[in-house]
Amino acid sequence: MEVRLQIEYAELFALVRQLPAGQILQLKSDLSQKYILEKIQLDKPKLRALLLKGPLMTTEQYQLFLENRKWMNQWRKQKPFS
């Protein structure tokens, strides 16, 4: 049997604030060590898939990018007129 609750973040935070200090520390420890690491591992494939679906530069576009970067770096290094 599974019960799911729809609780807004503000409500959840208010409930957590009512816990004794020791239980808040335990909750913080449990979240940082277990839950967050699991969430990060679950989100990695999603990020990878998103990045792989993104646009790619052609060789010509990359060469143009490198040339523009070179010119921008030279422009930034110039001293202002006195």
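The values are calculated or read from the model by the stated rules, or taken from the named source; none is laboratory data. Predicted model, so just to flag it, every value in this text is computed and none were measured. Don't worry about glycine lacking a Cβ; one is built from the backbone with ideal geometry, like all the others, and counts go over all protein chains shown. Heavy atoms of the whole protein, side chains included, go into the accessibility calculation; ligands, DNA and RNA do not. Shrake-Rupley method; radii C 1.70, N 1.55, O 1.52, S 1.80 Å.
Working only within the stretch 50-65, note down all residues that are surrounded by 10 or more Cβ atoms within 10 Å (Cβ to Cβ) and either touching a Cys at 6+ places or on another chain (Cβ under 6 Å) or not in a loop (DSSP other than H, G, I, E, B) (or both).
At the first step, the residues of the stretch 50-65 found to be surrounded by 10 or more Cβ atoms within 10 Å (Cβ to Cβ) are 57, 61-65.
Correct list: 61, 62, 63, 64, 65.
Quick check, is residue 39 loosely packed, with under 10 Cβ neighbours inside 10 Å and at pLDDT below 85? If you could, list the steps in order and put the result at the bottom.
Values: loosely packed, with under 10 Cβ neighbours inside 10 Å: no; at pLDDT below 85: yes.
For residue 39, the condition - loosely packed, with under 10 Cβ neighbours inside 10 Å and at pLDDT below 85 - is not met.
Working only within the stretch 1-22, note down all residues that are open to solvent by less than 80 Å² (accessible area, probe 1.4 Å), hydrophobic (A, V, I, L, M, F, W, C) and assigned to a helix (DSSP H, G or I).
10, 14, 16, 21, listed by residue number.
Out of 4, 17, 69, I need the residue that is of a type outside the set (Ser, Thr, Tyr) and at pLDDT below 85. Which one? Break it down stepwise before answering.
Details: 17 fails: at pLDDT below 85; 69 fails: at pLDDT below 85.
Residue meeting the stated conditions: 4.
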